[in-house]
Structure formats: structure tokens, C-alpha cells
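Asker: Structure provided below as C-alpha cells; questions to follow.
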Amino acid sequence: GATQLFLKDDPEAMGWRAGDRIGIATTSRGESTVHTIASIGPPSPEPPGCGDMPDVKKTCSTSKCRVLAGQMTGKTCAQYCALSGLTCEAAFEEVSDDCSIQ
């Protein structure tokens, strides 16, 4: 399993310190677990944003990374995402010009 936890907020600003015990609660049927913080590393750089993707007809996720894109004729998902310095994770065929997936 993973040995690192990446947080949205600064753990030190939240008062977390090495040696503290934290609980990780699952959102599925798995088991919640308790862990001891071994160390707190430097913040990770912000990932490239998805807000500047070209030809977006509709944004389909809160991260703004899943979009209904126009002008896709002759382009793959990889080519489209590369225009913004991103990597394609999945491509879907839309249903009726909305965010529903076939």
C-alpha cells in the first residue's frame, strides 16, 4: 500500500506534527485505519490546471479536467490534452452533446 499521504492543505498549518496519530476513514466498504505521522515533507508543486483547455463546450467535472470538447474531428484524446500540457486518462463518446457517456 501507499506510504505517503498528499493533502490539499498544509499539514503544519493544521497543527499536524511528526509523531501524531491520524485516522484515515474510507468512503467505501473497506476498513478505516489509524497511522502515525513519520515525517512531513515539503509541499508538492501544483499540478497543471485544466482550466485553459481549448474548445471546451461544457465542463463535466469539478476538477475541470473532464470536458465535452469541440473541434475533435481527427484528434485523439492524447493529442487534445497535449495541447494543454496534460495527459489523457480516458476518452468517451458523449450521448447528446452533454456530459452523459455512451
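Asker: Return yes or no: is T76 closer than 25 Å to L7 by Cβ, surrounded by 11 or more Cβ atoms within 10 Å (Cβ to Cβ), over 13 Å from the mean Cα position of the chain (by Cα) and of a type in the set (S, T, N, Q)?
Answerer: So T76 does not fit the description; no.
Asker: Oh, and also: Identify the residue in the stretch 15-29 that is modelled with pLDDT of 90 or more and not in a strand (DSSP E or B) and, among all such residues, is most open to solvent (accessible area, probe 1.4 Å).
Answerer: So the residue we want is R17.
Asker: Now for a separate question. Consider the stretch 79-102. How many of its residues are assigned to a strand (DSSP E or B) and either in contact (Cβ under 8 Å) with a residue 24 or more places away in the chain or within 25 Å of L7 (Cα to Cα) (or both)? Talk me through it step by step, then tell me what you get.
Answerer: Step one: list which residues in the stretch 79-102 are assigned to a strand (DSSP E or B), which gives 94, 101.
Restricting the remaining residues to those that are either in contact (Cβ under 8 Å) with a residue 24 or more places away in the chain or within 25 Å of L7 (Cα to Cα) (or both) gives 94.
Residues in the stretch 79-102 being assigned to a strand (DSSP E or B) and either in contact (Cβ under 8 Å) with a residue 24 or more places away in the chain or within 25 Å of L7 (Cα to Cα) (or both): 1 in total.
Asker: Among the candidates A13, A38, A25, A90, which residue alone is within 18 Å of the chain's Cα centre (by Cα) and small (G, A, S)?
Answerer: A90 is the lone residue from the list that is within 18 Å of the chain's Cα centre (by Cα) and small (G, A, S).
Asker: Within the stretch 30-50, is there a residue that is open to solvent by less than 80 Å² (accessible area, probe 1.4 Å), closer than 30 Å to E93 by Cβ, free of Cβ contacts under 8 Å to residues at least 24 places away in the same chain and in a strand (DSSP E or B)?
Answerer: Scanning the stretch 30-50, I find no residue that is open to solvent by less than 80 Å² (accessible area, probe 1.4 Å), closer than 30 Å to E93 by Cβ, free of Cβ contacts under 8 Å to residues at least 24 places away in the same chain and in a strand (DSSP E or B), so the answer is no.
The values are calculated or read from the model by the stated rules, or taken from the named source; none is laboratory data. It should be emphasised that the depicted structure is a prediction, and the values quoted were computed from it without experimental measurement. Because the Cβ atoms are built from the backbone with ideal geometry, glycine has one as well, and the counts that use them run over all protein chains shown. To get the accessible areas, we keep the full protein, side chains included, count just its heavy atoms, and leave off ligands, DNA and RNA. Shrake-Rupley method; radii C 1.70, N 1.55, O 1.52, S 1.80 Å.
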